[in-house]
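As structure tokens, the structure follows; a few thoughts come after it.
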Amino acid sequence: IPQKGIQYLIQAAALLKKQSFDFRMVVVGDGPFRQELEKLMFSAGVRENFLFTGFRRDIPKILATIDLFVLPTLEEGMSVAILEAMGAGKPVIASRVGGVPEIVTRETGILVRAADPSALAAAIQQLLIDAETRKRMGDAGRKQVENNFTLSKMAEEHYHLYQQLISKK
């Protein structure tokens, strides 16, 4: 859907390609906007740089094969996709919208303005050429998920919140 911002990722890819940067992008998921995105890839000259997988159930396998995770969304709450990527040790590039800044920090990734292909391209290029930073951010993201976003940790936090609310009555 347009709100996921994949059109800006395609535009960022065109900017990277103009700089003769070598890359491949995998877009997981499907929806009513896919045909328009495919047309945009052709017109931007980056069709060979993209693989659209459609809906997949093997997300951990896919995450194991990528260097970094990009979510150029225009609106987002607490992104499960970002948490999955961080849990897999991947650095994250995402739009600074909604609940995203609560989970993506300077230690775990790069936040960019929404709908800004130039900023997106710069962040992608920065992380693709710096394996040490990718590793450091990926490790930090994994630790953040393990420390704050496991099912048991979130259940514990909810329990404490309910206890506080009950004690205030």
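Quick notes on this structure:
- Gyration tensor (alpha-carbon) shape descriptor, region 85-147, a/c threshold 1.5: oblate
- Taking label positions 7 Å along the Cα-Cβ direction at both Gln19 and Leu51, the computed distance is 2.4 nm, reported to one decimal.
- Using just its DSSP H runs of length 4 or more, each adding -39500 (n - 2.57), the chain gives a mean residue ellipticity at 222 nm of -16500 deg cm²/dmol after division by all residues.
- Amide H contacts for Leu71 (H built 1.01 Å from N in the peptide plane; partners 5 or more residues away or on another chain; cut-off under 5 Å): Ile93, Ala94, Ser95.
- Largest-first principal axis extents of the Cα set of the chain (Å): 61, 37, 30
- Net charge of the neighbourhood of Asn148, taken over other residues with C-beta under 12 Å away and scored Lys/Arg +1, Asp/Glu -1, is -1.
- Amide H contacts of Gly109 (H built 1.01 Å from N, under 5 Å, at least 5 apart or other chain): Val92
- Fraction of beta bridges assigned by DSSP in the chain that are antiparallel (%, nearest 5): 10 percent
Read-outs: derived from the displayed coordinates by stated rules, not from any lab. Computed from a predicted structure; not experimentally measured. For neighbour counting, all protein chains shown are included, and Cβ atoms are generated from backbone atoms with ideal geometry for every residue, glycine included.
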